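Novice: Here you go, one structure.
The values are calculated or read from the model by the stated rules, or taken from the named source; none is laboratory data. Keep in mind it's a predicted model, so treat the numbers as computed, not measured. Counting neighbours? That spans all protein chains shown, and the Cβs are built from the backbone with ideal geometry, glycine included. The area values use the complete protein model at the heavy-atom level, side chains included, leaving out ligands, DNA and RNA. Shrake-Rupley method; radii C 1.70, N 1.55, O 1.52, S 1.80 Å.
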Amino acid sequence: MKNSIHSSLLTKNKVGNISQEDQLLQKDYLEAVKSFARLTYESVYVIDYEKMTFEYVSENPLFLCGYSAAEVLNLGYEFYFRNVPEKDLELLAQINEAGFDFYEKLPTDKKKEYSITYDFHLINKNGKNILINHKLTPLFLTSEQKIWKAVCIVSISHHQQAGNVFIKKQGSDEIWELDLENTIWRKSAKPTLTEREIEILRLHAQGLTINQIADKIFVAPDTVKYYRRRIFERLSVTNIVEALAYAVNSKII
């Protein structure tokens, strides 16, 4: 099974020789990526699909699994095969197949507007599994409109298990969720919140308690609790931590 996983991860988006014109597009872009990595708590890295390796790995520790950034950079795709459980490697192979199949059908002028997000486990050097959320979006396309380079963002997942595969389009409320059992993309709309619900989420993000939020917006604590329950229902989460993570990741707040 591992051989087929290797094949899927390494060959699904196989990129041929890059033209000189395409090479010029990437001039100095890594400086911008490095600047962004210094400003975020999330781990950032860049995949080069032509060379099937990593071009940049930030020093943010979550993705590194106890390695140095230089070690992960040197490992490239081998990092996945060493630090992702086999069951989740199978999941990544499935996501890879379905994701690139979806991408190939997109209009040429819209391909850079889409990103994919999903959860899988990493095994750190202490042997502990950590469920992370992985976001990927294209940086550069080849003249044949294949993804040449992509930037990836890694953060702690707010889910309880691997999977949770979504494709989102920039500036759109449309979301495609991958049905892992049937490998089918199902389209839906991003959940919406009222202005009051968004306000309460933002106040929670600032660290305020239910009673403090109630005082600030001049309502009873039970009213805040009512809004919280509605937020949980709309976002299909069970607690405020999950709600905040979902809202941030989905650009609701």
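Novice: At R0 = 22 Å, how high is the FRET efficiency between D109 and I184 if r is their beta carbon distance? Nearest 0.05 is fine. Before the final figure, lay out the partial values.
Specialist: Values: r = 26 Å, r/R0 = 1.17.
Efficiency, from the Cβ-Cβ distance: 0.30.
Novice: Largest first and in whole Å, what are the equivalent-ellipsoid semi-axes of the stretch 124-179 based on the Cα gyration tensor, each being the root of 5 times an eigenvalue? Each step should come with its number before you reach the end.
Specialist: Working: eigenvalues 135, 61, 18 Å².
That gives 26, 17, 9 Å for the three semi-axes.
Novice: Also: What number, in percent, do you get for the relative contact order of the stretch 120-236 if the mean sequence gap of Cα pairs under 8 Å and at least 6 apart is divided by its residue count? List each step's numbers first, then the result.
Specialist: Details: 130 pairs, mean separation 15.6, N = 117.
Once divided by the residue count of the stretch 120-236, the mean separation gives 13 percent.
Novice: Then there is this: Rounded to the nearest 10 Å², what accessible area does K168 have for a 1.4 Å probe in the complete protein model?
Specialist: 50
Novice: Also, quick follow-up: Sort largest first and round to whole Å: the equivalent ellipsoid semi-axes of the chain, each the square root of five times a Cα gyration tensor eigenvalue. Walk me through the numbers before you get to the answer.
Specialist: Details: eigenvalues 239, 83, 72 Å².
With the √(5λ) rule applied to the chain, the semi-axes are 35, 20, 19 Å.
Novice: Test of understanding: what is the full-extension gain from E59 to L30, defined as 0.36 nm times their sequence separation minus their Cα-Cα distance? Mind dumping the intermediate values first?
Specialist: Working: separation 29, 0.36 × 29 = 10.44 nm, distance 1.44 nm.
Gain on stretching E59 to L30: 9.0 nm.
Novice: What is the Cα centroid distance between the stretch 52-104 and the stretch 181-200, reported in whole angstrom?
Specialist: Going from one Cα centre to the other spans 27 Å.
Novice: Note down the accessible area of E50, probe 1.4 Å, to the nearest 10 Å².
Specialist: 50
Novice: To the nearest 0.05, how large is the calculated FRET efficiency for L208 and Q160 if R₀ is 22 Å and r is the Cβ-Cβ distance?
Specialist: On the way: r = 26 Å, r/R0 = 1.19.
In this case the efficiency is close to 0.25.
Novice: As a check on your grasp of the helix formula, calculate [θ] at 222 nm for the chain: sum -39500 (n - 2.57) over DSSP H runs of n ≥ 4, divide by the residue count, round to the nearest 500. Write out the running numbers ahead of the final one.
Specialist: Details: 10 runs with 102 residues, N = 253.
Dividing the helical sum by the residues of the chain leaves -12000 deg cm²/dmol.
Novice: While we're on this one: Length gain on complete extension for the stretch E177 to I130, per 0.36 nm per residue less the alpha carbon to alpha carbon distance? Don't skip to the end; give the middle numbers.
Specialist: Working: separation 47, 0.36 × 47 = 16.92 nm, distance 2.26 nm.
Taking 0.36 nm per residue and subtracting the Cα distance, the gain is 14.7 nm.
Novice: Okay, moving on. Under Stokes-Einstein, with the Kirkwood radius over Cα pairs standing in for Rh, what whole-number D in µm²/s applies to the stretch 118-228 at 37 °C and 0.692 mPa s? Intermediate results must be reported in sequence, preceding the final value.
Specialist: Working: Rh = 17.6 Å.
Translational diffusion coefficient: 186 µm²/s.
Novice: I'd like to know which of L201, Y49, G163 lies farthest towards the positive end of the charge dipole of the chain, counting +1 on Cβ of Lys and Arg and -1 on Cβ of Asp and Glu.
Specialist: Sorting the options by dipole projection puts first L201.
Novice: Given H placed 1.01 Å from N in the peptide plane, which residues other than close sequence neighbours of V84 have an amide H under 5 Å from its amide H?
Specialist: Close amide H contacts, sequence-distant or interchain: I123.
Novice: When averaged across all projection directions, what area in nm² does the alpha-carbon convex hull of the stretch 208-253 cover? The partial results should precede the final answer.
Specialist: Working: hull surface 12.6 nm².
Across all orientations, the stretch 208-253 yields a mean hull projection of 3.2 nm².
Novice: Shifting gears a bit: Figure the gain on full extension for F218 and K87 (residue separation times 0.36 nm, minus the Cα-Cα span) and round it to one decimal in nm. Don't jump to the answer; show the numbers that get you there.
Specialist: Working: separation 131, 0.36 × 131 = 47.16 nm, distance 5.00 nm.
Separation in residues times 0.36 nm, less the Cα-Cα distance, equals 42.2 nm.
Novice: At 1.4 Å probe size, with no ligands or nucleic acids counted, give the accessible surface of C65 in Å², nearest ten.
Specialist: 10
Novice: I would also like to ask the following. Give a quick list of chymotrypsin sites (Phe, Trp or Tyr not before Pro) in the stretch 159-253 that DSSP marks as loop, anything other than H, G, I, E or B, with at most 11 other Cβ atoms within 10 Å. Provide the component values of the computation, followed by the final result.
Specialist: Values: sites: F166, W176, W185, F218, Y226, Y227, F232, Y246; in loops: F218.
Qualifying residues, ordered by number: F218.
Novice: Anyone know which of N13, N164, N211 comes out most mobile in the 10 Å Cα GNM of the chain?
Specialist: Of N13, N164, N211, the most mobile in the Gaussian network model is N211.
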